[in-house]
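The values are calculated or read from the model by the stated rules, or taken from the named source; none is laboratory data. Being a predicted model, the structure only gives us computed values, none of them experimental. Virtual Cβ from ideal backbone geometry, glycine too; neighbours counted across all protein chains shown.
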Amino acid sequence: MDEMIEQVNPVHVTLDDLEELIGALSAEEIEELAECDPDDSNMPPSMRCAYKCNKAATGEVNRDKLLDGLKEQALAIPDKII
């Protein structure tokens, strides 16, 4: 039970050092670092979401075209009579 615990001295790390370390990681290692516990209340909700979209961006969003398309779609679907 008397395990010897090695003490590690603190090391001063600069942002340049971090950039270099992150740059040396593979895509899989970065993805693994990005995973977090979804129940961790210390993480912001945007970082707790497990959904990752792998689709390429389709371009800039044209709000007016988007709204017109949604309106057309809504008008094309008949209302349900209950």
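Of all residues in region 4-39, exactly one satisfies the criterion of being closer than 27 Å to TYR51 by Cβ and polar (S, T, N, Q), namely SER26.
Suppose the filter is assigned to a helix (DSSP H, G or I), modelled with pLDDT of 90 or more and surrounded by 10 or more Cβ atoms within 10 Å (Cβ to Cβ); does LYS65 pass it?
Numbers: assigned to a helix (DSSP H, G or I): yes; modelled with pLDDT of 90 or more: yes; surrounded by 10 or more Cβ atoms within 10 Å (Cβ to Cβ): no.
No: the conditions fail for LYS65.
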